[in-house]
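To start, the structure under review is shown below, and the notes come after it.
The values are calculated or read from the model by the stated rules, or taken from the named source; none is laboratory data. Since we're looking at a predicted model, the values are computed, not measured. Methodologically, a virtual Cβ is constructed for each residue, glycine included, from the backbone with ideal geometry; neighbour enumeration extends over all protein chains shown.
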Amino acid sequence: MSAAEQSFSPALRAALRKLFEESISFNQVLGFRIVSFNPERPRIRFDMRPELIGHPIRKILHGGVIAAVLDATAGYAILLAILKAHPDDALDALLARFRHMSTIDLRIDYVRPGRGEHFFGTAQVLRVGSKVGSVRMELTNDAGELIAAGTAAFMVG
C-alpha cells in the first residue's frame with residue numbers, strides 16, 4: 001500500500017469501499033471493486049459476466065458498460081483527490097460534498113473490443129477546482145491491453 005493510501009484511515013477506506021461497491025446500486029451491477037485507494041492513480045476492477053456482453057457472437061463488453069465504468073472510476077478518483085486535499089474533513093462533510101458531485105461531460109475513445117476475463121479502470125485527476133474537476137481514465141483488460149480511454153468533467157461544488 002502506498003504512503004498516500006496509508007494516509008487514509010482503515011475506517012475511511014471501509015466507508016469508501018461501502019459507498020462505491022455497495023451503496024451505488026449500478027456499481028453493484030457492474031461488479032465494481034476497489035483495488036487501490038491511491039489518489040494519484042486509483043484503480044478498480046470488474047469481471048466479465050454474461051450480462052455485461054454487448055455483442056453475443058463476439059462476446060465483448062457493451063460500450064455502455066465501458067463508459068459507465070470509466071465514469072464511475074473518474075468519480076472515485078475525484079473523491080480521492082478531494083480527500084487528499086482536505087484530509088481533516090469529517091466523513092460526513094465528505095459525503096455531503098459527494099451528494100453534489102455529478103458528471104457534466106464524458107468523452108470515451110473505444111480503442112479495441114472489450115475482451116478479457118477481468119478489467120481494470122484507472123484514473124488521473126488533472127485538476128479539482130471549487131466547482132469543476134477534470135479527470136483522464138483508462139480501461140485495460142487482464143492482458144494489459146488498452147480497451148478504452150476517456151476524459152471527464154465533474155461538478156464538485
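Of note:
- Checking each residue in the stretch 137-148 for being part of a strand (DSSP E or B) and surrounded by fewer than 17 Cβ atoms within 10 Å (Cβ to Cβ) picks out only LEU146.
- Summed over the stretch 64-83, the residues that are surrounded by 15 or more Cβ atoms within 10 Å (Cβ to Cβ) and either among the polar types (S, T, N, Q) or farther than 13 Å from THR122 by Cβ (or both) give a count of 12.
- Condition met for VAL69 (at pLDDT 95 or above, touching a strand residue (DSSP E or B) at 6+ places or on another chain (Cβ under 6 Å), β-branched (Val, Ile, Thr) and over 14 Å from MET137 (Cα atoms)): no
- Among the residues of the stretch 54-63, some residue qualifies, meaning at least one is exposed (fewer than 14 other Cβ atoms within 10 Å of the Cβ), on the phi > 0 side of the Ramachandran plot and outside any strand (DSSP E or B).
- In the stretch 132-157, the residues that are within 10 Å of ASP105 (Cα to Cα) form Cβ pairs under 8 Å with partners that are surrounded by fewer than 18 Cβ atoms within 10 Å (Cβ to Cβ) and among the charged types (D, E, K, R), at six or more places apart or across chains, as follows: SER134/ARG127; THR151/ASP105; THR151/ARG107; THR151/ARG136; ALA152/ASP105; ALA152/ARG107; ALA153/ASP105; MET155/LYS131.
- Only a single criterion out of (1) surrounded by 14 or more Cβ atoms within 10 Å (Cβ to Cβ); (2) more than 15 Å from PHE119 (Cβ to Cβ); (3) out of contact with any Pro (no Cβ under 9 Å at 6 or more places or on another chain) is not satisfied by LEU30, namely (2).
- Leading residue by the ranking (nearest to the chain's Cα centre (by Cα)) among those in the stretch 34-49 that are charged (D, E, K, R) and either surrounded by 16 or more Cβ atoms within 10 Å (Cβ to Cβ) or not in a strand (DSSP E or B) (or both): ARG43
- Unmet requirement for SER7, which otherwise passes all of (1) among the small types (Gly, Ala, Ser); (2) touching a residue at least 24 places away in the same chain (Cβ under 8 Å); (3) farther than 17 Å from MET101 by Cα; (4) in contact with a strand residue (DSSP E or B) (Cβ under 8 Å, 6 or more places away or on another chain): (4)
- Restricting the stretch 114-130 to residues that are surrounded by 16 or more Cβ atoms within 10 Å (Cβ to Cβ) and more than 15 Å from the chain's Cα centre (by Cα), the residue that is farthest from VAL69 (Cα to Cα): VAL128
- Test for ALA15: is it surrounded by fewer than 20 Cβ atoms within 10 Å (Cβ to Cβ), out of contact with any Asp or Glu (no Cβ under 6 Å at 6 or more places or on another chain), touching a residue at least 60 places away in the same chain (Cβ under 8 Å) and not in a strand (DSSP E or B): yes
- Filtered by the rule that a residue be closer than 30 Å to HIS55 by Cβ and either without any contact (Cβ under 8 Å) to a residue 40 or more places away in the chain or in a loop (DSSP other than H, G, I, E, B) (or both), the stretch 74-131 gives VAL111, ARG112, PRO113, GLY114, ARG115, GLY116, GLU117.
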